[in-house]
1. Please go through the stretch 198-256 and give me each residue that is polar (S, T, N, Q) and more than 23 Å from Gly292 (Cα to Cα), ordered by number.
2. For the stretch 198-208, give me each residue that is loosely packed, with under 13 Cβ neighbours inside 10 Å and farther than 29 Å from Ala230 by Cβ.
3. Take Leu333 and decide whether it is assigned to a strand (DSSP E or B) and touching a Ser or Thr at 6+ places or on another chain (Cβ under 7 Å).
4. Condition check: within 17 Å of Pro202 (Cβ to Cβ), in the same structural domain as Pro199 (by TED's automatic domain parsing) and of a type in the set (A, V, I, L, M). Does Ala340 satisfy that?
5. Within the stretch 200-239, track down each residue that is closer than 19 Å to Pro259 by Cβ and without any contact (Cβ under 8 Å) to a residue 24 or more places away in the chain.
6. Please go through the stretch 377-400 and pick out each residue that is surrounded by 12 or more Cβ atoms within 10 Å (Cβ to Cβ) and more than 19 Å from Arg322 (Cβ to Cβ).
7. Please specify each residue of the stretch 384-410 satisfying the condition of being in contact with a Lys or Arg (Cβ under 6 Å, 6 or more places away or on another chain) and among the aromatic types (Phe, Trp, Tyr).
8. Exposed (fewer than 14 other Cβ atoms within 10 Å of the Cβ) and either assigned by TED's automatic domain parsing to the domain that holds Ala273 or in contact (Cβ under 8 Å) with a residue 40 or more places away in the chain (or both): does that describe Gly356?
Amino acid sequence: MQHGTELERFRAQWQEEVAKQRPRHTRAAPAASSAASPAPPAPPPAAPPPAAPPADHAPTDEARSAPKGKARSAYADRLAALLDTLVPAHEAAAEAAARSAADAHDTGADAHDTGADAAAAPPSPTALATDLDALHVEADAAPTIPPPGAAPAPPPRPPQTVHALHPADVDAPLPAARLPDEVWMCVFQHALAPTPAPPPAPRVQEHTEYRAPPHPWRVWTGADYVTLEACARVCWKFRLLTAHPQLWRAVAHATYVPPQIPPSRSLAALRDARQQGWRDLFVYEPRVRQHGVYIAACTYTQQGLSEENVWVRVLHVVQFYRYLRFFPNGRCLSWLTTDAPRDTVHQLVPGMRAKGLAAGRWHLLTDASGGTGTVVVEDLHDPTVPHYRFQMTLHLVHAPGRWHRLELIEHASLHLRTGEVLPFPPQKHQRPFFFSRVRGYGV
């Protein structure tokens, strides 16, 4: 009975505290009105029946006469007091959230009810956030309606340039992988097409003079096989497409024209004789490259004298360069100078006049096997030496796909008045010519 008496005393103290706090609330609800409020959570399990109290703690007459529903009534009063405390705070939070949502979307409508049901069950923060996200999506997805009488918007134009087709943003999606092969073949053919050759822009110096020729020596550039090979390195699909015979047939027909091959020989007959594909023909058949300069750097020593001490032997190292540039119309330029390549390649243009600069003609001869070739340069005329003509015979070293090396075999001079031909003796300081591409020449 001791446990039962302590429980009764605790319940009595609890009821006194609830009765003291009830007058502080303006919206105190009686216990009878608690039936309209939401159902309270399940009450805790009933305590086990207390054991019989000892004689000195026997229950009083008031405790014996207390009704059995007194515990339930006290629990309902406590819940009512708690609801009276929480309801105003929930109502204020719901009204503030509704006002902020209305101000943000300019709708002027409240998304939540303010009646007794809303006061009894205010919206949760998760539900409120979901409603706000839905309102944002609806506002973004709402189509803009043009004003009455306005002209309709024009349809989007297809891309007209490469820059419009390829967005500047690398992260933006580009449906290049979904384009059919026929479209890419058209793109590659357009990239291979010859373009107008850039006009010469010589750098005239003190010891040079420029006179524009009556007719340009190079009107069109060659087939841009450099760009085609660069595209082949992008992916395996481009590698397969760029190896198509139709593309390399166009490259071969644009490259192997006289003076690269004899005028009496056709390219189809050359291909049948070599028994190769168009790309293999372009790689293995000798050719003279025309989008750069062949340069030979020569060095020799010359004995000098010392003014301070005659017993000291002085040797001077002299370096000079030979330049050869070939043009598709059969003309060529040869220049012997001490100027470095960076100062010379942009002056090696038709119409330039300088000491050691000669203009002539060239043609290529190949053997039956097609492994090597011989370049013959003749009728080289230097305005500073008007009575002489020069000719050179060079060996095109076998280097499939590159063809970047020329070795001087014979160099001779012809006197125009006497007809005497004098070959130049072989020189120890003579070096082979190596090709160097110049971007300003095109392809």
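The values are calculated or read from the model by the stated rules, or taken from the named source; none is laboratory data. Everything numeric in this text was worked out from a predicted model, so none of it was measured. Methodologically, a virtual Cβ is constructed for each residue, glycine included, from the backbone with ideal geometry; neighbour enumeration extends over all protein chains shown.
1. Across the stretch 198-256, the qualifying residues are Thr242, Gln246.
2. Val204, Gln205, Glu206, His207
3. no
4. Yes: the conditions hold for Ala340.
5. His215, Val219
6. His398, Ala399, Pro400, listed by residue number.
7. Across the stretch 384-410, the qualifying residue is only Trp403.
8. Against the criterion (exposed (fewer than 14 other Cβ atoms within 10 Å of the Cβ) and either assigned by TED's automatic domain parsing to the domain that holds Ala273 or in contact (Cβ under 8 Å) with a residue 40 or more places away in the chain (or both)), Gly356 does not qualify.
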